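Asker: Let me begin by handing over the structure; questions about it come next.
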Amino acid sequence: MRLIYIHGYVEDPGIFDQLAPLLPGEDVLKLNLRDEFARWNPADRGVNVSSLAAYLAGTYQIDPADVVIGHSMGGWIAVNLKAQTGCGAVQISSYTDPRKIVTVTRNIALLRWLVRIGLVQSLRFARYALSKYPFEQSRALHRQLIDAMRAQPRRYIYQQLRVLLAPPDVPPAMPDVRIHTRPDNVLRAPDEPYYETSGDHFNLVFHPDEVAAPILTYLAKRRATT
């Protein structure tokens with residue numbers, strides 16, 4: 001059983017550094033989406049979560065024997081990979097309904113323009129986002145991610161926004177495990193049942209034991225039935 005980790009918006013695989021050692025490590029793949037987009041090099045207007053999932057499924061031969069563990073946007077990719085390949089899907093602080101994303105606009109054309117003129121990565125926007133951040137525990141991590149976003153290529157920022165918000169071509173599947181927190185300023189709580197943990201959107205970093213527990217239970221049951 002291969003575990004495939006997919007990070008969230010403006011993150012990198014390091015987001016799993018506290019969680020991954022608590023889970024099986026015999027066959028592990030941690031994807032870096034910035035590198036994947038650079039290799040894939042799609043036409044931007046053709047990017048959505050379905051096209052990205054199809055690219056990843058083909059590139060890494062993802063199949064029903066695999067389990068994809070995704071944080072935030074990565075969890076959205078995970079359930080879309082499950083819809084296309086039958087793989088297992090674990091969502092951490094993620095969603096199956098894009099309306100759960102807390103955002104000022106879902107207008108892709110407007111977001112493209114805001115990225116193009118540099119507003120999304122501007123110092124003014126960064127200062128605003130930092131000043132409004134409500135969680136002390138993850139404040140330093142949030143600052144690191146804002147800094148990372150400001151340094152990422154504008155095209156890659158826009159591609160990620162399309163993955164988050166552009167309508168999928170294939171309806172997503174439901175996750176096998178859904179893990180969430182109530183205090184989350186990025187995503188509203190799911191309507192479906194979920195495992196609740198301490199912390200905020202970054203529970204996997206600051207409460208990895210709580211996040212790992214339901215995943216380990218799921219993996220053990222999965223092994224027992226295969």
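Any read-out appearing in this document is the output of simple, stated calculations on the displayed coordinates, not a laboratory observation. The structure displayed is predicted, hence computed values, not measured ones. Every residue, glycine among them, receives a Cβ derived from its backbone with ideal geometry; neighbour counts consider all protein chains shown.
Asker: Where a ≥ b ≥ c are the square roots of the eigenvalues of the C-alpha gyration tensor, would you call region 29-168 rounded, which needs a/c under 1.5, or, failing that, prolate if a/b is larger than b/c, or oblate?
Answerer: Verdict is prolate for region 29-168.
Asker: Then there is this: Could you tell me which of Gly88, Gly118, Met73 has its Cα farthest along the dipole of region 6-129 towards the positive end, charges placed at Cβ (Lys, Arg +1; Asp, Glu -1), taken about the Cα centre?
Answerer: Projecting each Cα onto the dipole axis, the largest value belongs to Gly118.
Asker: Averaging sequence separations of C-alpha pairs under 8 Å and six or more residues apart, then dividing by the length of the chain, give the relative contact order as a whole percent.
Answerer: In percent, rounded to a whole number, it is 26.
Asker: Continuing with the same structure: Treating cross-link reach as a plain straight distance, find the lysines whose alpha-carbon is under 21 Å from the alpha-carbon of Lys82, omitting any fewer than eight places away in the same chain.
Answerer: Lys30, Lys100, Lys221
Asker: Between rounded, prolate and oblate, where does region 175-216 land on the alpha carbon gyration tensor, with a ≥ b ≥ c its root eigenvalues, rounded for a/c under 1.5, else prolate if a/b exceeds b/c?
Answerer: oblate
Asker: Rounded to the nearest 500, what is the chain's calculated 222 nm mean residue ellipticity when only DSSP H runs of at least 4 contribute -39500 (n - 2.57) each, over all residues?
Answerer: -13000 deg cm²/dmol
Asker: Another question about this same structure. Mind checking the dipole of the chain: about its Cα centre, +1 per Lys or Arg Cβ, -1 per Asp or Glu Cβ, Debye to the nearest 20?
Answerer: Roughly 980 debye, rounded to the nearest 20.
Asker: Find how many whole Å separate the alpha carbon centroid of region 162-196 from the alpha carbon centroid of region 57-99.
Answerer: 11 Å
Asker: Does region 101-220 come out rounded, prolate or oblate, given a ≥ b ≥ c as the square roots of the eigenvalues of its C-alpha gyration tensor, rounded meaning a/c under 1.5 and, failing that, prolate meaning a/b above b/c?
Answerer: Oblate, since a/c reaches 1.5 and b/c is not below a/b.
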